[in-house]
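Colleague: Following this message is one structure expressed as structure tokens.
The values are calculated or read from the model by the stated rules, or taken from the named source; none is laboratory data. Note that the structure is a prediction, hence the values are computed from the model and not measured. Neighbour counts are summed over all protein chains in view; Cβ atoms, including those assigned to glycine, are modelled from backbone coordinates with ideal geometry. What goes into the accessible areas is simple: the full protein's heavy atoms, side chains included, and nothing from ligands, DNA or RNA. Shrake-Rupley method; radii C 1.70, N 1.55, O 1.52, S 1.80 Å.
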Amino acid sequence: MNRRQIVAGNWKMNTTIAEGFTLAGQITDAHRSKEVLTILAVPFTHIFALQKKISARSKVLLAAQTCHHKNSGAYTGEISPSMLASMKVPYVVLGHSERREYNHENNNLLALKLRAALDAGLKVIFCCGEGLDIRKAGTHVHHVKVQLVESLFQLEAREMKNIVIAYEPIWAIGTGESASPAQAQEMHAAIRLMLQKKYGKRVAEATSILYGGSVKGNNAKELFNQPDVDGGLVGGASLNGEEFVQIINSF
Ligand code: PEP
């Protein structure tokens, strides 16, 4: 298996620039793993300052938390893929459940955003995952399949090398209640099978699938031990430098 192990931190709308600078410093200073790719999805406002802080560390990269589906135009307040690319931001997170819920980003819009982001040369961490009602109804695998088919699977096989998938059950995000390792593995294996059916075994085996939803220092190891879990997308715990480094070192 040659999949990349990745731990991504999603800072959401947290930290001032000074706080972000300190946090990024804690992470880069303590970061020892040569194998694990660490990505920090930071507020747009922090990118420039943090690039200077971490540029020498090739294993720590920055991501934006979203981008628009067009490259320019009358879209007040938005940030375009080409703007991010011009800042040499390597990654963008798309499809986070908070964007889906609060900004009404549906699968069709996310297909447009994926297209625009890849065309601009960005790599994408693409989030999917079901709410509690869907989990309780037992239709979670189907729900995630529809999310992938209507957005991610619009891409060509050759483009999948620029995609990281993050499975994030909404009921586990910010709740302190992580999916169990078995629940995560079940969904990750199902996603990998979907990838295989759509793009073939080579793409399925090469695509990193991260788990997100209350990953903490004390549960990361067990989650990352699952054969189809290639790392984590971490919200709350990524704001604590010490705990985030503990998560990185859980592989
Ligand atoms: C997230 O925001 O992507 C997330 C997984 O948050 P948390 O780790 O806080 O559940």
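Colleague: Going by what's in this entry, would Val245 be described as buried (at least 19 other Cβ atoms within 10 Å of the Cβ), more than 9 Å from the ligand (Cβ to nearest atom), of a type in the set (Val, Ile, Thr) and closer than 15 Å to Val36 by Cβ?
Modeller: yes
Colleague: I need the full set of residues from region 37-65 which are part of a loop (DSSP other than H, G, I, E, B) and surrounded by 20 or more Cβ atoms within 10 Å (Cβ to Cβ), in order please.
Modeller: In the first step, residues of region 37-65 are kept if they are part of a loop (DSSP other than H, G, I, E, B); the result is 42-43, 55-59, 65.
Within region 37-65, Val42, Gln65 meet the criteria.
Colleague: Starting from region 59-81, keep only residues that are within 28 Å of His31 (Cβ to Cβ), then list their pairs with residues that are open to solvent by 10 Å² or more (accessible area, probe 1.4 Å) and of a type in the set (Ser, Thr, Tyr) whose Cβ atoms are within a distance under 6 Å, requiring at least 6 positions of separation or different chains.
Modeller: Ala63/Tyr91
Colleague: Looking at region 235-248, is at least one residue within 23 Å of Val146 (Cα to Cα), at pLDDT 95 or above and not charged (D, E, K, R)?
Modeller: No: zero hits.
Colleague: Just to be sure before I move on: is Ser80 surrounded by 19 or more Cβ atoms within 10 Å (Cβ to Cβ), hydroxyl-bearing (Ser, Thr, Tyr) and modelled with pLDDT of 95 or more in the structure I sent?
Modeller: yes
Colleague: Given the conditions (1) closer than 29 Å to Ala157 by Cβ; (2) in contact (Cβ under 8 Å) with a residue 40 or more places away in the chain; (3) exposed (fewer than 14 other Cβ atoms within 10 Å of the Cβ), which single one is not true for Lys88?
Modeller: The failed condition is (2).
Colleague: Can I ask one more? Counting only residues that are of a type in the set (S, T, N, Q) and free of Cβ contacts under 8 Å to residues at least 40 places away in the same chain, which one in region 155-181 is farthest from Met194 (Cα to Cα)?
Modeller: For region 155-181, the residue satisfying everything is Thr175.
Colleague: Further, regarding this structure: On the given criteria, is Ile6 open to solvent by less than 10 Å² (accessible area, probe 1.4 Å) and within 16 Å of the ligand (Cβ to nearest atom)?
Modeller: On the way: open to solvent by less than 10 Å² (accessible area, probe 1.4 Å): yes; within 16 Å of the ligand (Cβ to nearest atom): yes.
Yes; evaluated as a whole, the condition is true for this residue.
Colleague: Residues that are within 18 Å of Ala63 (Cβ to Cβ) and of a type outside the set (Ser, Thr, Tyr): list the helices (runs of 4 or more DSSP H) wholly contained in region 85-159 that include at least 3 such residues.
Modeller: Per the criteria, 97-102, 107-119.
Colleague: Can you tell me which of Ala204, Ala184, Ala220, Ala237 is open to solvent by less than 40 Å² (accessible area, probe 1.4 Å), out of contact with any Lys or Arg (no Cβ under 8 Å at 6 or more places or on another chain), under 28 Å from Lys113 (Cα atoms) and among the small types (Gly, Ala, Ser)?
Modeller: Testing whether each residue is open to solvent by less than 40 Å² (accessible area, probe 1.4 Å), out of contact with any Lys or Arg (no Cβ under 8 Å at 6 or more places or on another chain), under 28 Å from Lys113 (Cα atoms) and among the small types (Gly, Ala, Ser) leaves just Ala184.
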